[in-house]
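Encoded as structure tokens, the structure appears first; notes follow it.
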2 protein chains.
Amino acid sequence: MRTKFHEQLDELTDRLASMCHLAREAVQVATEALVRADLPLAERVVDLAEQIEELRGPCEDQALGLLALQAPVARDLRQVVTGVHLVADLSRMGGLAQHVADSVRRRHPDHVACGEAEELLTRMGRVAAELAGLAERVLRTHDPELAAEVGSRDDELDDLHRRLLTLIQGPAWTGSVPAAVDVALLGRFYERFGDHTVVVGRRVIFLVTGTVLNPSAGHSAEWSEGVPAT
Amino acid sequence: MRTKFHEQLDELTDRLASMCHLAREAVQVATEALVRADLPLAERVVDLAEQIEELRGPCEDQALGLLALQAPVARDLRQVVTGVHLVADLSRMGGLAQHVADSVRRRHPDHVACGEAEELLTRMGRVAAELAGLAERVLRTHDPELAAEVGSRDDELDDLHRRLLTLIQGPAWTGSVPAAVDVALLGRFYERFGDHTVVVGRRVIFLVTGTVLNPSAGHSAEWSEGVPAT
């Protein structure tokens, strides 16, 4: 029989996975909104980001409650503390998906991007959604191999990001300056979204093994390697 | 006499304040490197960001140790959990300062920005450093009034960011597309740096009062209000 503590811990895990599920949907819908320059879709992303934020408070309260009332140790403690961290990462993923949608709303009825830039952003959006789906599975299964897979799939996103920056900063770019700025910021939002899924994976590896695989590497690697020297 | 627990908690607080101090120095030096296109200064930022990362592990371990061995409750518990959150925010501030420095290194010996864009970025860098200084004082004093002040000072940074984006996306911009992209991303780094200091302030308000003042508002407000519609 499961203890009351473990039931509550399962509930916390389930809520975190739900936040991740919503973040996946948010980035998917935001990308769809971007491709179609679709205002209602962009507005749906705002709703989804709000739903994610609504889960934030209960998760933080539940983690605090588990720490205060149960004084967990060892892996149980790591799991609650990991939960505290994850809430911030998952909430940020919702915020980043919303930034994509805000960009669509601001330029509507025009497309924010077109041609090859739009194509690359669409691919980034798809990979970002897949990464969030993978992160959700990691949260539900605590499978460290799956968690490590998030990191390698994120390399694909970084590669697309590099290509995007090479495109807009290269001589072949025929778009306007404001369009290039929009595309650069959109690329950054997707890339940061991916980084947060990598951090989710790393935090779950820490939870299972007690070993930290440099949780910030997703951050530091993203920019120094992510931008061409041209 | 202070208990062993409170001594360790003070030590954690002191380390967090040191991370913030280093983040302030990092953003200050990065801005100086930006203004002068100075490679050694940019490289010093990388060192500072590394020093911040080196404090990360000990802070996280100490927070875990305090939770595992002492099972704190009420305000003591909130203080440790706040510490867990703050480590992530402070580490990110170091990462963002490094992004500014990386941009300087990539364009060296050229200046990343010039004219009015450079001037606005310099002002953003100065406000960002002041915000980090304020956040450090908040961490050391736990003064909720000072914590609230961070939010209002950050408005200044948001205003500069808006002006920067208006400049590079407006008809008066005579720089190249790559220059505009660089400036847009630099503006984003400074603005996010400021947001993290706001979150530090909000978390300290939570610590003192037990009330959450929407810790993510710094995130959601930054983009939806931060970019002109033009």
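The values are calculated or read from the model by the stated rules, or taken from the named source; none is laboratory data. Computed from a prediction, not measured in an experiment: that's the story for all the values here. Neighbour counts are summed over all protein chains in view; Cβ atoms, including those assigned to glycine, are modelled from backbone coordinates with ideal geometry. We work out accessible area using only protein heavy atoms, side chains counted, and drop any ligands, DNA or RNA first. Shrake-Rupley method; radii C 1.70, N 1.55, O 1.52, S 1.80 Å.
Step by step: first the residues of region A:116-126, then only those that are in contact (Cβ under 8 Å) with a residue 12 or more places away in the chain and open to solvent by 10 Å² or more (accessible area, probe 1.4 Å), then the one that is nearest to the chain's Cα centre (by Cα). Which residue is that? Walk me through how you get there before you give the answer.
Our first condition is that a residue be in contact (Cβ under 8 Å) with a residue 12 or more places away in the chain; within region A:116-126, this holds for A:116-118, A:120-126.
Still in the running and open to solvent by 10 Å² or more (accessible area, probe 1.4 Å): A:116, A:118, A:122-123, A:126.
Working: A:GLU116: 23, A:GLU118: 20, A:THR122: 15, A:ARG123: 15, A:ARG126: 12 Å.
Within region A:116-126, the match that is nearest to the chain's Cα centre (by Cα) is A:ARG126.
Please go through region B:147-173 and give me each residue that is open to solvent by 20 Å² or more (accessible area, probe 1.4 Å), at pLDDT 95 or above and not charged (D, E, K, R), ordered by number.
The answer is B:THR166, B:LEU167.
Can you tell me which residue among A:PHE193, A:PHE189 is within 11 Å of chain B (Cβ to nearest Cβ) and either over 22 Å from A:GLY94 (Cα atoms) or modelled with pLDDT of 95 or more (or both)? Even if it seems obvious, please write down each step before you answer.
Numbers: A:PHE193 fails: within 11 Å of chain B (Cβ to nearest Cβ).
Unique residue meeting the criteria: A:PHE189.
Every residue in region B:66-89 that is touching a Gly at 6+ places or on another chain (Cβ under 9 Å) and surrounded by fewer than 20 Cβ atoms within 10 Å (Cβ to Cβ), please.
B:ALA74, B:ARG75
Being in a helix (DSSP H, G or I), of a type in the set (A, V, I, L, M) and closer than 20 Å to B:ALA30 by Cβ: is that true of B:VAL127 here? Explain how you work it out, then say what you get.
Working: in a helix (DSSP H, G or I): yes; of a type in the set (A, V, I, L, M): yes; closer than 20 Å to B:ALA30 by Cβ: yes.
The answer is yes for B:VAL127.
Considering region B:86-115 alone, what residues qualify as being closer than 12 Å to B:VAL27 by Cα and small (Gly, Ala, Ser)?
If the condition is that a residue be closer than 12 Å to B:VAL27 by Cα and small (Gly, Ala, Ser), then B:GLY94, B:GLY95, B:ALA97, B:ALA101 are the ones that fit.
Can you confirm whether A:GLU191 is open to solvent by 10 Å² or more (accessible area, probe 1.4 Å) and either under 20 Å from the mean Cα position of the chain (by Cα) or among the β-branched types (Val, Ile, Thr) (or both)? Can you show your working first?
Working: open to solvent by 10 Å² or more (accessible area, probe 1.4 Å): no; either under 20 Å from the mean Cα position of the chain (by Cα) or among the β-branched types (Val, Ile, Thr) (or both): yes.
So A:GLU191 fails the test.
Report the residue count in region B:27-45 for those that are within 13 Å of chain A (Cβ to nearest Cβ) and either among the polar types (S, T, N, Q) or buried (at least 24 other Cβ atoms within 10 Å of the Cβ) (or both). Step through it out loud before you land on a result.
At the first step, the residues of region B:27-45 found to be within 13 Å of chain A (Cβ to nearest Cβ) are B:30, B:42-43, B:45.
Applying the additional criterion that residues be either among the polar types (S, T, N, Q) or buried (at least 24 other Cβ atoms within 10 Å of the Cβ) (or both) yields B:30, B:42, B:45.
Within region B:27-45, residues that are within 13 Å of chain A (Cβ to nearest Cβ) and either among the polar types (S, T, N, Q) or buried (at least 24 other Cβ atoms within 10 Å of the Cβ) (or both) number 3.
Looking only at region A:46-60, how many residues end up being more than 8 Å from chain B (Cβ to nearest Cβ) and more than 27 Å from B:ALA71 (Cα to Cα)?
Taking region A:46-60 first, the residues more than 8 Å from chain B (Cβ to nearest Cβ) are A:46-48, A:50-52, A:54-55, A:58-59.
Applying the additional criterion that residues be more than 27 Å from B:ALA71 (Cα to Cα) yields A:46-48, A:50-52, A:54.
Selection size over region A:46-60: 7.
Identify, by number, the condition in (1) closer than 28 Å to A:GLN62 by Cβ; (2) surrounded by 21 or more Cβ atoms within 10 Å (Cβ to Cβ) that B:ALA23 doesn't meet.
Every condition holds for B:ALA23 apart from (1).
Specify which of the listed residues (A:LEU41, A:LEU55, A:LEU22) is over 30 Å from A:ALA113 (Cβ atoms), of a type in the set (A, V, I, L, M) and in a helix (DSSP H, G or I). So that I can check it myself, show each step before the final result.
Numbers: A:LEU41 fails: over 30 Å from A:ALA113 (Cβ atoms); A:LEU22 fails: over 30 Å from A:ALA113 (Cβ atoms).
Exactly one residue qualifies, and that residue is A:LEU55.
Taking the residues in region B:176-186 that are more than 8 Å from chain A (Cβ to nearest Cβ) and open to solvent by 20 Å² or more (accessible area, probe 1.4 Å) as candidates, determine which candidate is modelled with the lowest pLDDT. Quick ask: steps written out before the conclusion?
From region B:176-186, those more than 8 Å from chain A (Cβ to nearest Cβ) are B:176, B:179, B:182-183, B:186; that's our starting set.
Then drop every residue that is not open to solvent by 20 Å² or more (accessible area, probe 1.4 Å), which leaves B:176, B:179.
Working: B:SER176: 93, B:ALA179: 96.
In this case the residue turns out to be B:SER176.
If you go through region A:61-111 one residue at a time, how many are outside any helix (DSSP H, G or I) and more than 9 Å from chain B (Cβ to nearest Cβ)? Let's see the steps before the verdict.
Residues of region A:61-111 that are outside any helix (DSSP H, G or I), as a first pass: A:71-73, A:108-111.
Now narrow it down to the ones that are more than 9 Å from chain B (Cβ to nearest Cβ): A:108-111.
So the count comes out to 4.
Could you go through region B:199-210 and let me know if any residue there is part of a helix (DSSP H, G or I), under 26 Å from B:ALA42 (Cα atoms) and open to solvent by less than 30 Å² (accessible area, probe 1.4 Å). Steps first, please.
Step one: of region B:199-210, the residues part of a helix (DSSP H, G or I) are B:199-209.
Retained after the next criterion (residues that are under 26 Å from B:ALA42 (Cα atoms)): B:200.
Imposing the further condition that a residue be open to solvent by less than 30 Å² (accessible area, probe 1.4 Å) reduces the set to B:200.
Within region B:199-210 (the criterion being part of a helix (DSSP H, G or I), under 26 Å from B:ALA42 (Cα atoms) and open to solvent by less than 30 Å² (accessible area, probe 1.4 Å)), the answer is yes, since at least one residue qualifies.
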